[in-house]
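Asks: Quick one: structure below, then a few questions.
Read-outs throughout are calculated quantities, based only on the coordinates presented, and are distinct from any laboratory measurement. All values derive from a computational prediction rather than experimental measurement. Methodologically, a virtual Cβ is constructed for each residue, glycine included, from the backbone with ideal geometry; neighbour enumeration extends over all protein chains shown.
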Amino acid sequence: MHTAITDRTALVTASTEGIGFATARLLAEEGARVWVHGRGGVRLGQAVAALRRAVPSAEVDGVAADLAADGGVRVLTAAVPAVDILVNGYADTRPKPFATVTDAEWTTTLRNNVAVTATLTRHYFEHMLASGWGRIVFIASDLALRPLPVMVPYAAGKMAQLTLMRALAEEAAGTAVTVNAVLPGFTRTERTEGFLRPLAARHGMSFEAFMDAYFNDPAFPWRDEVGFGASLVRRLLEPEEVASLIAFLCSARASGMTGASLRCDGGTTPTAL
Ligand SMILES: NC(=O)c1ccc[n+]([C@@H]2O[C@H](COP(=O)([O-])OP(=O)(O)OC[C@H]3O[C@@H](n4cnc5c(N)ncnc54)[C@H](OP(=O)(O)O)[C@@H]3O)[C@@H](O)[C@H]2O)c1
């Protein structure tokens with residue numbers, strides 16, 4: 001499919017790995033100029049190099065900004081003043097049982113997932129309105145709709161992103177700026193593997209056998225420890241599967257879609273709508 005984003009500039013926040021990286025790669029393959037973003041250092045350099053290798057024709061650069069730090073948004077917007085496409089991939093996950101979350105952790109998690117994302121988005125949104133074309137995609141989470149007890153502040157932040165998404169879509173009414181959200185389910189990324197591999201090892205299983213049993217064996221004894229719900233595709237999603245939907249929403253082809261929350265969760269959320 002020709003997605004007609006050649007000559008568009010895209011920024012994907014938190015894109016040195018995982019869903020962000022897969023999205024940056026797809027946008028680069030579609031011909032966009034892509035900013036890869038992370039906290040900097042070796043990981044950012046490696047991600048940029050990997051993208052340039054994977055898509056030699058693409059214009060790819062890296063930008064470093066710690067969005068959890070004070071002034072992080074200013075650092076990012078000073079280095080990249082305007083883009084046509086913004087994918088909000090940055091998240092503060094911080095898993096912890098609800099009862100043990102402190103006031104300070106609530107403040108920080110909501111600041112990082114909501115206020116930081118809102119401030120960053122406002123900056124680029126204004127440029128998009130002025131230029132007359134734009135795409136904003138929030139990478140939210142299926143947990144916005146079915147919060148896990150161990151990730152309540154994160155899930156609340158993701159739900160708030162859906163509110164923000166809808167408000168901005170309404171504010172952009174009558175323009176060619178679209179604003180949408182994608183809700184991924186359980187996806188194979190460094191972060192999820194970092195949590196699951198030690199769990200599998202603790203139960204004396206290989207990662208692959210553990211995940212296969214989680215998704216396919218009704219008698220799997222450690223379901224609650226994994227806790228990510230019953231997937232209809234019965235496997236972890238791959239980052240590229242989520243990135244495909246995001247890249248489509250960023251494309252000129254998706255001009256009729258705005259203000260929408262779209263699930264890419266392997267059918268985990270148990271409702272038709
Ligand atoms: N994986 C899943 O199962 C899943 C499910 C639902 C929703 N999601 C959502 O999808 C998005 C991507 O998730 P993911 O699992 O692929 O990746 P992730 O683990 O959430 O994020 C990894 C990226 O975040 C960057 N990062 C971390 N802290 C940062 C900071 N303070 N400032 C700037 N960048 C920072 C890292 O860059 P450096 O380390 O290079 O700094 C890296 O590129 C997130 O919004 C997540 O909530 C993921």
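Asks: Using only alpha carbon pairs under 8 Å that are at least six residues apart, calculate the relative contact order of the chain and give it in whole percent.
Replies: With pairs under 8 Å counted, the relative contact order is 20 percent.
Asks: Still on this structure, please answer the following. What whole-number distance in Å separates the alpha-carbon centres of the stretch 68-113 and the stretch 1-27?
Replies: The stretch 68-113 and the stretch 1-27 have Cα centres separated by 20 Å.
Asks: What is the Cα coordinate range of the stretch 188-234 on the first, second and third principal axes, sorted by size from largest, in whole angstrom?
Replies: Between the extreme Cα coordinates on each principal axis of the stretch 188-234 lie 23, 22, 17 Å.
Asks: Let me ask another. If you build the convex hull over the alpha carbons only and average its shadow over all orientations, what do you get for the stretch 218-273? Give it in nm² to one decimal.
Replies: With every direction weighted equally, the projected area is 5.2 nm².
Asks: Rg/Rh for the chain to two decimals, with Rh computed the Kirkwood way over all alpha-carbon pairs.
Replies: A ratio of 0.96.
Asks: Compute the signed sum of charges (Lys and Arg +1, Asp and Glu -1) over the other residues within less than 9 Å, Cβ to Cβ, of T109.
Replies: 0
Asks: Calculate the spin-label point distance for R146 paired with A78, positioning each point 7 Å from the Cα along the beta-carbon direction, and give it in nanometres.
Replies: 4.5
Asks: What's the exposure ranking of K158, K96, going from fewest to most Cβ atoms within 10 Å?
Replies: Starting with the residue having the fewest Cβ neighbours, the order is K96, K158.
Asks: Now for a separate question. Please state, as a whole number in µm²/s, the translational diffusion coefficient that the Stokes-Einstein equation yields for the stretch 118-167 at 25 °C and 0.890 mPa s, with Rh defined as the Kirkwood radius across alpha carbon pairs.
Replies: Here the translational diffusion coefficient equals 205 µm²/s.
Asks: Amide H neighbours of V63 under 5 Å, at least 5 residues apart or on other chains, H built in the peptide plane: list them.
Replies: V36, H37, G38
Asks: Still on this structure: Can you give the net charge of the other residues whose Cβ lies under 11 Å from the Cβ of A50, counting K and R as +1 and D and E as -1?
Replies: +3
Asks: Can you work out the Karplus-derived ³J(HN,Hα) for every residue in the stretch 24-32? Use 6.51 cos²θ - 1.76 cosθ + 1.60 with θ = phi - 60°, whole Hz, and x for glycine or proline.
Replies: For the stretch 24-32, the Karplus curve yields 4, 5, 5, 5, 5, 4, 7, x, 6 Hz.
Asks: How many percent of the alpha carbon pairs in the stretch 150-241 exceed a separation of 18 Å?
Replies: Counting every Cα pair in the stretch 150-241, those more than 18 Å apart make up 57 percent.
Asks: Which FRET efficiency value, to the nearest 0.05, do you get for L273 and E238 by plugging their Cβ-Cβ distance into 1/(1 + (r/R0)^6) with R0 = 22 Å?
Replies: Rounded to the nearest 0.05, the efficiency is 0.30.
Asks: Determine ³J(HN,Hα), in whole Hz, for all residues of the stretch 43-54 in sequence, where each value follows from phi through the Karplus function 6.51 cos²θ - 1.76 cosθ + 1.60 and θ = phi - 60°; x replaces Gly and Pro.
Replies: Here the 3J(HN,Hα) series is 4, 5, x, 5, 5, 4, 4, 5, 5, 5, 5, 5 Hz.
Asks: Now, a different point. Compute the relative contact order of the stretch 1-111 as a whole-number percentage, counting only Cα pairs closer than 8 Å that sit 6 or more residues apart in sequence.
Replies: Computed over the stretch 1-111, the figure is 27 percent.
Asks: Something else: Using only the alpha carbons of the stretch 66-120, what is the convex hull's orientation-averaged projected area in square nanometres?
Replies: Result: a mean projected hull area of 4.1 nm².
Asks: In nm, to one decimal, how far is the modelled label at R111 from the one at A4, with both set 7 Å along Cα→Cβ?
Replies: 4.3
Asks: Still on this structure, please answer the following. What number, rounded to the nearest 500 deg cm²/dmol, is the helix-based mean residue ellipticity at 222 nm of the chain, given -39500 (n - 2.57) per DSSP H run of at least four residues and division by all its residues?
Replies: One gets -13000 deg cm²/dmol as the mean residue ellipticity at 222 nm.
Asks: I need the P(r) histogram for the stretch 14-68: all alpha carbon pairs, bin width 10 Å from 0 out to the longest distance, whole percents.
Replies: Calculated P(r), rounded to whole percents: 30, 59, 11, 0.
Asks: What is the distance, in nm, between label points placed 7 Å from the Cα along the Cα-to-Cβ direction at R223 and at R197?
Replies: 2.8
Asks: Between F138 and residues 5 or more places away or on another chain, which pairs have amide H atoms under 5 Å apart, with H built 1.01 Å from N, and which residues are they?
Replies: N88, N180, A181, V182
Asks: Place the peptides 241-249, 168-176, 77-85 in order of packing, highest mean first, counting for every residue the other Cβ atoms within 10 Å and averaging per peptide.
Replies: For the peptides 241-249, 168-176, 77-85, the packing ranking is 241-249, 77-85, 168-176.
Asks: Rounding to the nearest 10 and keeping the result within 0 to 90°, find how far the Cα-based axis of helix 116-131 lies from the longest principal axis of the chain.
Replies: Taking Cα atoms only, the helix is inclined about 30 degrees.
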